[in-house]
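S.K.: Have a look at this one.
The values are calculated or read from the model by the stated rules, or taken from the named source; none is laboratory data. Because the structure is predicted, anything quoted here is derived from the model rather than measured. Heads up, the Cβs are rebuilt from the backbone with ideal geometry, glycines too, and the neighbour counts pull from every protein chain shown.
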Amino acid sequence: MSFLEVETVSKYFSEAGGQRLCVFKDVRLHIEKSEFVTMVGHSGCGKSTLLNIIAGLEKPTEGAVILDGREVDTPGLDRMVVFQNFSLLPWMSVYENIRLAVKAAFAQWEARKINDYVQRYVNMVGLAGSETKRPAALSGGMRQRVGLARAFAVQPKVLLLDEPFAQIDALTRGTIQDELMRMWTATRNTVFMVTHDVEEAILLSDKIALMTSGPSAQLAEIVEVTFPRPRVREEVLDLAEFARIKKHVINFLKNCVRERPANDTTFGTDALVVTRRVAAKA
Amino acid sequence: MDQIAVMSERKKSIISSVALLTIFLAVWQLSVKTPAPGAKAEGLPGPMAVASRAWEMVSDPFYNNGPNDKGIGIQLGYSVGRLLIGYTAAALVAISLGVMLGLSPGFYRALNPYIQVLKPISPLAWMPLFLYTIKDSSQSAVMVIFMSSLWPILANTAFGVAGIKRDYLNVSALLQLSWFKRLWKVILPAAAPAIVAGLRISIGSAWVAIVAAEMLIGGTGIGYFVWNEWNNLQLTSVIFAILMTGFVGLLLDTGFGSLAKTLTYKE
């Protein structure tokens, strides 16, 4: 039994007119403890929806999520999310944002211990000196550092990263990815991340789960990334294996785009033709 | 725009304000017939007469010579006291109910028709019912304040809470905050700008209503004072009291203005 099991989860959205739209179907994904698994797919394949289902923020239409032997269908402190749009509380300072999470996770701690602990995480993400600033006064990169600190500080069983670097400028992105790698190496958290960024996925992950395009997206393939850790960005980017995996993933993403007849404007499932579907692994 | 330009803009508007006031006072003074010595004054009193009466009243605001002769400070005190009681009660009820409405769309839809009917009723229209049920004129006035403050706070709170970004509620769900912490750390701060806007609107309308209510109930308060002085044909006092209600209203509004500033957040 794996640490985190996504068991044949499907998600349908009901549309106007009583129709149901299948976002993804029968996704089966097993993640081992301390594994870093990333899901890559086009927009609309439902990867963020899947992440929200694991987080308990959305309910699956079919199937279940099992964490450490227990089914989870509501949010909990054992799963923390780092959001694409940071989701910091704008009326609280950096320090207060992290402390809110720490107090929630470790309610029995005394104030002194909580404060020391929060300060440690503030320092860890390099935000010492900015504790009293509100998120609005920070750059996107700094905000996401707060987001990472908040998530790691709770010490969840699973970290869920929802395109965490998508809204950060390209120059800062690399630095924060390195920081995430460093923090992950220190804690060996189990991580499930979704992203558009293929290089990011290869650099950070042990496994990459490839989704076909939606609607009715499916988990098509799992690519293993076996580079030794700790990884150094510059070294990994130069590896021939890196280029090979990147090519493979990009080809997959290119080929799974569905084509519609040129004159067809409907979005019904029948109008969509799969040009090539990679056989789903059992 | 640079600092100097801003300063001179501000200076210009201050100068214009003072000039307008001077012109207004001059026209007022000139249009008033100065009564012959010993003769009874006719028409409106002039600004000089109002000013001298104002000075008299302000220099001894807290004298008390029985029910019909109290200092302006005492009268304003009664009015502000009633305002605070009715307003605080309304704020507590409206914010609690507004949070509930904002969090449950079904409840909101169910109650909304009634709110829409009750909202446009003049708070003074309730007065006979209050007098009949409460049988105390001062408490009835407080209830009028309650009714006048209730709707703007309720509507704004419900609107503000219903519009809280999903992200903030997600964070509170992930952190498994207790309902109390959820309320104090997430919902109320998130909706605070809207709630304070409602508080600010309603303190203004409550202050407007209290003057009218006190004219009806009599006894004490700035509204009663205005009416009583009118009965005494003391127009200088009436004019000064009107100005004082405006001044107190301004103070109340400024207070909420600065509260709004501290509670607003940038995303």
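S.K.: Going by the conditions given, is A:VAL146 touching a Pro at 6+ places or on another chain (Cβ under 9 Å) and buried (at least 19 other Cβ atoms within 10 Å of the Cβ)?
M.R.: Values: touching a Pro at 6+ places or on another chain (Cβ under 9 Å): yes; buried (at least 19 other Cβ atoms within 10 Å of the Cβ): yes.
Considered against the rule, which asks whether it is touching a Pro at 6+ places or on another chain (Cβ under 9 Å) and buried (at least 19 other Cβ atoms within 10 Å of the Cβ), A:VAL146 comes out as yes.
S.K.: Being touching a residue at least 60 places away in the same chain (Cβ under 8 Å), within 11 Å of chain B (Cβ to nearest Cβ) and surrounded by 14 or more Cβ atoms within 10 Å (Cβ to Cβ), is that true of even one residue in segment A:11-21?
M.R.: No - not one qualifying residue is present in segment A:11-21.
S.K.: Looking at segment A:235-256, which of its residues are at pLDDT below 90 and over 22 Å from the mean Cα position of the chain (by Cα)?
M.R.: Residue satisfying the conditions is A:ASN255 alone.
S.K.: Sticking with this structure for a sec: Within segment B:156-202, can you find the residues that are surrounded by fewer than 17 Cβ atoms within 10 Å (Cβ to Cβ), among the charged types (D, E, K, R) and in contact (Cβ under 8 Å) with a residue 12 or more places away in the chain?
M.R.: Matches in segment B:156-202: B:LYS165 only.
S.K.: Could I ask something else about it? Go over the candidates B:ALA212, B:ALA197, B:ALA191 one by one and state the one that is farther than 30 Å from B:ASP167 by Cβ and in a helix (DSSP H, G or I).
M.R.: B:ALA212
S.K.: So, one more: So which residues in segment B:54-75 are in contact with a Pro (Cβ under 9 Å, 6 or more places away or on another chain), surrounded by fewer than 20 Cβ atoms within 10 Å (Cβ to Cβ) and assigned to a helix (DSSP H, G or I), if there are any at all?
M.R.: Scanning segment B:54-75 gives B:GLY73, B:ILE74.
S.K.: Now for a different question. Quick one: B:PRO152 ticks every box in (1) touching a Phe, Trp or Tyr at 6+ places or on another chain (Cβ under 6 Å); (2) closer than 22 Å to B:ALA89 by Cα; (3) away from chain A (no Cβ under 14 Å) except a single one, so which number is it?
M.R.: With (1) touching a Phe, Trp or Tyr at 6+ places or on another chain (Cβ under 6 Å); (2) closer than 22 Å to B:ALA89 by Cα; (3) away from chain A (no Cβ under 14 Å) applied to B:PRO152, the lone miss is (1).
S.K.: What's the total number of residues in segment A:232-255 that are within 25 Å of A:ALA186 (Cβ to Cβ) and crowded, with 17+ Cβ neighbours inside 10 Å?
M.R.: Residues flagged as within 25 Å of A:ALA186 (Cβ to Cβ) and crowded, with 17+ Cβ neighbours inside 10 Å within segment A:232-255 amount to 2.
S.K.: Of these, B:SER205, B:SER137, B:SER148, B:SER178, which one is touching a helix residue (DSSP H, G or I) at 6+ places or on another chain (Cβ under 8 Å), farther than 23 Å from B:ALA260 by Cα and of a type in the set (Ser, Thr, Tyr)?
M.R.: B:SER137
S.K.: Could you tell me which of the residues A:GLY141, A:GLY129 is small (Gly, Ala, Ser), more than 14 Å from chain B (Cβ to nearest Cβ) and either more than 22 Å from B:LYS266 (Cα to Cα) or in a loop (DSSP other than H, G, I, E, B) (or both)?
M.R.: Working: A:GLY141 fails: either more than 22 Å from B:LYS266 (Cα to Cα) or in a loop (DSSP other than H, G, I, E, B) (or both).
Matching residue, one of A:GLY141, A:GLY129: A:GLY129.
S.K.: Can you find a residue in segment A:118-126 that is at pLDDT below 95 and either part of a loop (DSSP other than H, G, I, E, B) or within 14 Å of chain B (Cβ to nearest Cβ) (or both)?
M.R.: Checked segment A:118-126: at least one residue is at pLDDT below 95 and either part of a loop (DSSP other than H, G, I, E, B) or within 14 Å of chain B (Cβ to nearest Cβ) (or both).
Results for (1) of a type outside the set (A, V, I, L, M); (2) more than 10 Å from chain B (Cβ to nearest Cβ); (3) crowded, with 18+ Cβ neighbours inside 10 Å, shown as yes or no for each residue.
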position	(1), (2), (3)
A:SER43	yes, yes, no
A:GLY46	yes, yes, yes
A:ILE53	no, yes, yes
A:ARG79	yes, no, yes
A:LEU88	no, no, yes
A:TRP91	yes, no, yes
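S.K.: Inspect all residues belonging to segment A:95-107 and state whether any of them is more than 18 Å from the chain's Cα centre (by Cα), within 14 Å of chain B (Cβ to nearest Cβ), in a loop (DSSP other than H, G, I, E, B) and free of Cβ contacts under 8 Å to residues at least 60 places away in the same chain.
M.R.: Yes, segment A:95-107 contains a residue that is more than 18 Å from the chain's Cα centre (by Cα), within 14 Å of chain B (Cβ to nearest Cβ), in a loop (DSSP other than H, G, I, E, B) and free of Cβ contacts under 8 Å to residues at least 60 places away in the same chain.
S.K.: Follow-up question, since we're still on this one. Just checking, does segment B:119-135 include any residue being surrounded by fewer than 17 Cβ atoms within 10 Å (Cβ to Cβ) and either over 23 Å from B:MET215 (Cα atoms) or of a type in the set (D, E, K, R) (or both)?
M.R.: So far as segment B:119-135 goes, yes, one or more of its residues are surrounded by fewer than 17 Cβ atoms within 10 Å (Cβ to Cβ) and either over 23 Å from B:MET215 (Cα atoms) or of a type in the set (D, E, K, R) (or both).
S.K.: If you scan segment B:171-180, which residues turn out to be facing chain A (nearest Cβ under 8 Å) and farther than 21 Å from B:GLY106 by Cβ?
M.R.: Within segment B:171-180, B:VAL171, B:LEU174, B:LEU175, B:GLN176, B:LEU177 qualify.
S.K.: Looking at (1) part of a helix (DSSP H, G or I); (2) touching a Gly at 6+ places or on another chain (Cβ under 7 Å), which is the one condition that is false for B:SER172?
M.R.: Evaluating B:SER172 over (1) part of a helix (DSSP H, G or I); (2) touching a Gly at 6+ places or on another chain (Cβ under 7 Å) leaves (2) as the failure.
S.K.: Is it fair to say B:VAL196 is within 14 Å of chain A (Cβ to nearest Cβ), under 22 Å from the mean Cα position of the chain (by Cα) and closer than 30 Å to A:PHE83 by Cβ? Quick ask: steps written out before the conclusion?
M.R.: Working: within 14 Å of chain A (Cβ to nearest Cβ): yes; under 22 Å from the mean Cα position of the chain (by Cα): yes; closer than 30 Å to A:PHE83 by Cβ: yes.
Yes: the conditions hold for B:VAL196.
S.K.: Name the single residue, out of those in segment B:219-267 being away from chain A (no Cβ under 14 Å) and among the aromatic types (Phe, Trp, Tyr), that is farthest from B:LEU25 (Cα to Cα).
M.R.: Filtering segment B:219-267 for residues that are away from chain A (no Cβ under 14 Å) and among the aromatic types (Phe, Trp, Tyr), the one farthest from B:LEU25 (Cα to Cα) comes out as B:PHE256.
S.K.: Would you check which residues across segment B:136-155 are buried (at least 24 other Cβ atoms within 10 Å of the Cβ) and among the small types (Gly, Ala, Ser) and list them?
M.R.: B:ALA141, B:SER148, B:SER149
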